[in-house]
Amino acid sequence: MVDKYLPRMYTDRTRLISYYFIFKGVSILFEIGNDLKEAREKSGVSLEEASQDIQIKSVILENIEEGNIGAFKDIFELKEFLYSYAKYLGLNAEKILDEFNEYMFEYTSKIPIKDIEKKVIEQNKEKVETIASPYTKPMKKYSKKYYITMCIIFIIIAIIIICWSIHQIAITRYL
């Protein structure tokens with residue numbers, strides 16, 4: 001099993017997700033993985049050779065063959081790996097991606113919207129709490145009210161200075 005190559009937190013998550021898919025009867029990812037493994041073994045290519053040829057780590061290919069979706073952080077990256085691997089093995093990569101997309105749509109369409117919203121809110125909180133250096137800190141944006149107020153204050157100060165200057169010129173001429 002590939003779980004021995006993964007960090008502990010991913011191992012537990014991978015195992016749980018794998019068990020979830022097995023018990024739910026959703027086996028398309030496992031079928032895709034088995035198809036890829038069979039095609040690789042039929043062609044007589046080892047996992048390491050395939051890894052070197054398509055420049056994807058052998059651990060990733062092994063996870064794909066075993067159907068460990070939990071080992072991947074990004075579904076789009078997994079799709080790219082699936083496409084490259086299927087194309088390399090001479091399989092119909094488009095058909096495999098279509099099967100995977102149908103599987104993912106069916107799986108994700110069952111996630112309640114409240115759970116998705118909660119996850120988005122959590123991610124936004126994480127982004128807000130980041131510490132930035134003074135050099136990379138974003139500029140503070142002021143409202144239009146602030147700019148209008150500052151312009152009015154600047155104009156008033158300019159008028160006062162001009163009036164004071166005219167008054168000083170007038171006083172020096174009469175002396």
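Rule-based calculations on the coordinates, nothing more; no lab input. As the structure is a computational prediction, the values presented were derived from the model and not from experiment. Positions of Cβ are backbone-derived with ideal geometry, glycine not excepted, and every protein chain shown enters the neighbour counts.
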Original post:
For the range 87-98, what does the Karplus curve 6.51 cos²θ - 1.76 cosθ + 1.60, with θ = phi - 60°, yield as ³J(HN,Hα) per residue in whole Hz, taken in order and with x for Gly and Pro?
Top reply: 5, 4, 7, x, 8, 6, 5, 5, 5, 5, 5, 4
Subject >> Rounded FRET efficiency, nearest 0.05, which uses the C-beta distance separating residue 145 from residue 98 and R0 of 45 Å >> reply: 0.25
**OP:** In nm, give the distance between the simple-model label positions of residue 105 and residue 74, each being 7 Å from the Cα along the Cα-to-Cβ direction.
**Re:** 2.4 nm
**OP:** Provide the per-residue ³J(HN,Hα) series for the range 140-148, in order, calculated from phi with Karplus coefficients 6.51, -1.76, 1.60 and θ = phi - 60°, each as a whole number of Hz, with x at glycine and proline positions.
**Re:** 6, 9, 9, 7, 5, 4, 4, 5, 5
